[in-house]
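Please treat every number below as a calculation from the coordinates, not as lab data. These numbers were taken from a predicted model, which means no experiment stands behind them. Note that each Cβ is placed from the backbone with ideal geometry, even for glycine, and that neighbours are counted across all protein chains shown.
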Number of protein chains: 4
Amino acid sequence: MRIEFDPNTPIYLQLMQLIRQAAAAGQLLPGGKVPSVRELAVEYAVNPNTVQKALAELEREGLLVTERTAGRRITDDVEKINQLRAELARQQIDHFAGQMLALGFERKQLLELLTEKWGIGNGHH
Amino acid sequence: MRIEFDPNTPIYLQLMQLIRQAAAAGQLLPGGKVPSVRELAVEYAVNPNTVQKALAELEREGLLVTERTAGRRITDDVEKINQLRAELARQQIDHFAGQMLALGFERKQLLELLTEKWGIGNGHH
Amino acid sequence: MRIEFDPNTPIYLQLMQLIRQAAAAGQLLPGGKVPSVRELAVEYAVNPNTVQKALAELEREGLLVTERTAGRRITDDVEKINQLRAELARQQIDHFAGQMLALGFERKQLLELLTEKWGIGNGHH
Amino acid sequence: MRIEFDPNTPIYLQLMQLIRQAAAAGQLLPGGKVPSVRELAVEYAVNPNTVQKALAELEREGLLVTERTAGRRITDDVEKINQLRAELARQQIDHFAGQMLALGFERKQLLELLTEKWGIGNGHH
DNA sequence: GTGGTCTAGACCACC
DNA sequence: GTGGTCTAGACCACA
């Protein structure tokens, strides 16, 4: 999980996105413990303050909950997590299609490109 | 062409990307004139200095050339523009696939989602 | 280090040259810290933005590296700095000889002039 | 005499310097005719306005004089031209030595470098 | 009117 | 306190 951050966007936002993805992908389970601020700071080689800010924001979003003394957990609201996953996917797809169409790619070309690279489109044929 | 910028990334980088896309998509033709700094500034409702910085960077990249007092043009190096378009597309595809796989989507699901939204994959067959 | 800038060339270019020289002459050591933007701005009595532009350019050249929030350093690539010194010297020599020859000075006269002023040529012989 | 101008200093100043040098070096003789604005503009591929400005400045300096209808001539004040030549040489030498010393070169090294490149110093030995 | 530079002053993310 | 970005407004050289 060595990550290099885009120096042009706030690190705490990129951390938030990473954690959202981990939760949406099920790497962090609903109700499961989130690594401590210190652990995350070491893991991602960033300042603990930055981790702190990211986690606080995610808490505000309702994705994380803190337990007095026992650190933070992912929300156990499974429905919320499903919504998150769908929302993140929608964002990606919208952005991707928007950008590719802006570049002048047609649906047919998009299919070809995706097929070339990852075999998408001839999956189970 | 009303655009709203992502407040979390420098505007000049977003301007650069917009212009790269316009050039790659053929909206700005090789050898064609680029709107003046002042025009772009009013069009995108940003400060002329910000436009200036974006254009200067693109010039350093070789996408634009300036003619002393006669404004800027897109490079007439068509090959360079083709490379740019391919590179931009590759970036989008890589990023998209990376994010979607990180969210736990499989190739098959990806295909379905794309098909749902834009009919990719069942084009004219 | 009071400097007066040539009003006919951009200040940021003159700043770049000053810093290049300081690095080449060893006044700024490889890997050593560069004064902050704000410090340089007051030292040279110019706007911080102007310093910023100069340093950003030098960074693009590879002479400087920035450490997120810990200021800038001279590259620790000693070879690069040696090359820089040689290049700067070459430029000066070429320019000097070109100008003096254009003024109709012969090699012999050049030698005499230099000898007169700084004793070059009769060093310790 | 194909010249490429430094884009970072006003062209008219560079033109002035070229003409000063030509006069100091004797390529343009005291009392001799100076090419017309149009001719110079073509020769140096610059705007006639720019040439005009350069010549007007040189006139103000006393290096050039205009004759009603017959164009411009170099001043016939030979002493003035000699002074000019000495002054230009002095500037070059001062600047050169200042820069090289700033780069940390010693007199001995300077001599070696000059000798290497143009044989200065072993002229008539 | 074009690009380019500079100043002044503000705000932000990060440490 | 550090680098980085942005705005607002001014001035200059050049065509």
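For the stretch A:65-76, backbone phi angles converted through the Karplus equation (6.51, -1.76, 1.60; θ = phi - 60°) give residue-by-residue couplings of 10, 9, 10, 4, 10, 9, x, 10, 10, 5, 4, 9 Hz, Gly and Pro being listed as x.
Treating the angle as unsigned and between 0 and 90°, give the value, to the nearest 10°, between the Cα long axis of helix D:107-118 and the longest Cα principal axis of chain D. Taking the Cα atoms of chain D, the angle to D:107-118 is about 60 degrees. Distances between placed amide hydrogens fall under 5 Å for C:VAL34 paired with C:ARG72, C:ARG73, C:ILE74, all partners being 5 or more residues away or on another chain.
Given a cut-off of under 8 Å on Cα pairs at least six residues apart, what relative contact order in percent is computed for chain B? For chain B, the relative contact order is 23 percent. When restricted to Cα atoms, chain A yields an Rg and a Dmax of 17.7, 55 Å, respectively. By the equivalent-ellipsoid construction on the alpha carbon gyration tensor, the protein assembly as shown comes out with semi-axes of 61, 31, 20 Å, ordered largest to smallest. If only the Cβ of Lys and Arg carry +1 and only the Cβ of Asp and Glu carry -1, the dipole of the protein assembly as shown around its Cα centre is close to 180 debye. Taken residue by residue and averaged, Cβ atoms of other chains lying within 10 Å of the Cβ of C:88-95 number 5. Magnitude of the charge dipole for chain D, about its Cα centre and with charges confined to Cβ atoms of Lys, Arg (+1) and Asp, Glu (-1), is about 200 debye.
Here's the picture: charge each Lys and Arg Cβ at +1 and each Asp and Glu Cβ at -1 in the protein assembly as shown, and of A:PHE96, B:THR69, B:GLN83 the one pushed furthest to the positive end of that dipole is B:THR69. Here the spin labels are modelled as points 7 Å beyond Cα on the Cα-Cβ line, and at A:ARG60 and D:PHE5 they lie 5.5 nm apart. If you add up the charges near A:VAL51, with Lys and Arg at +1 and Asp and Glu at -1, over every other residue whose beta carbon is less than 14 angstrom from its beta carbon, what do you get? Local net charge: -1. Placing +1 on the Cβ of every Lys and Arg and -1 on the Cβ of every Asp and Glu, with nothing else charged, gives the stretch A:79-118 a dipole about its Cα centre of roughly 80 debye. The rotation axis that maps chain A onto chain C passes nearest to the beta carbon of this chain A residue, listed with its distance in whole angstrom: A:ASN49, 4. Each listed q (0.21, 0.29 Å⁻¹) maps to a log10 I(q)/I(0) for the stretch A:19-81 from the Debye sum over equal C-alpha point scatterers, namely -0.81, -1.38. Shown for C:ARG38: label points 7 Å from Cα along the beta-carbon vector, and their distances to the equivalent points in the other copies, 3.3, 3.6, 6.1 nm in ascending order.
Among D:VAL42, D:LEU15, B:ILE11, pick out the residue whose Cα is farthest towards the positive end of the charge dipole of the protein assembly as shown, where Lys and Arg carry +1 and Asp and Glu carry -1 on C-beta, about the Cα centre. The residue sitting farthest along the positive end of the dipole is B:ILE11. Averaging the sequence gap over all C-alpha pairs within less than 8 Å and six or more residues apart, then dividing by the number of residues, gives the stretch D:11-76 a relative contact order of 41 percent. For the residue pairs A:LYS108/B:LYS53; A:LYS80/B:LYS108; B:LYS53/D:LYS53; D:LYS33/D:LYS80; C:LYS53/D:LYS108, the alpha carbons lie more than 27 Å apart in A:LYS108/B:LYS53; B:LYS53/D:LYS53; C:LYS53/D:LYS108. Between the helical axis of C:11-24 and the longest alpha-carbon principal axis of chain C there is an angle of about 80 degrees. Using only Cα atoms, what Kirkwood radius does the stretch A:79-118 have, in angstroms? Result for the stretch A:79-118, one decimal place: 11.4 Å. Starting from the label point of A:GLN83 at 7 Å along Cα→Cβ, the same points in the other copies fall at 4.8, 5.7, 8.7 nm, in ascending order. Estimated from helices alone, the mean residue ellipticity of chain C at 222 nm is -19000 deg cm²/dmol (sum of -39500 (n - 2.57) over DSSP H runs with n ≥ 4, per residue). Taking amide H as placed 1.01 Å from N in the peptide plane, A:LEU64 has its amide H under 5 Å from the amide H of A:GLU59, A:THR75, each at least 5 places away in sequence or on another chain.
Taken as Cα centroids, the stretch C:35-105 and the stretch A:7-81 sit 43 Å apart, rounded to the nearest whole angstrom.
Label-point spacing at D:THR9 relative to the other copies reads 0.6, 4.2, 4.6 nm, in ascending order, each point sitting 7 Å out from Cα along Cα→Cβ.
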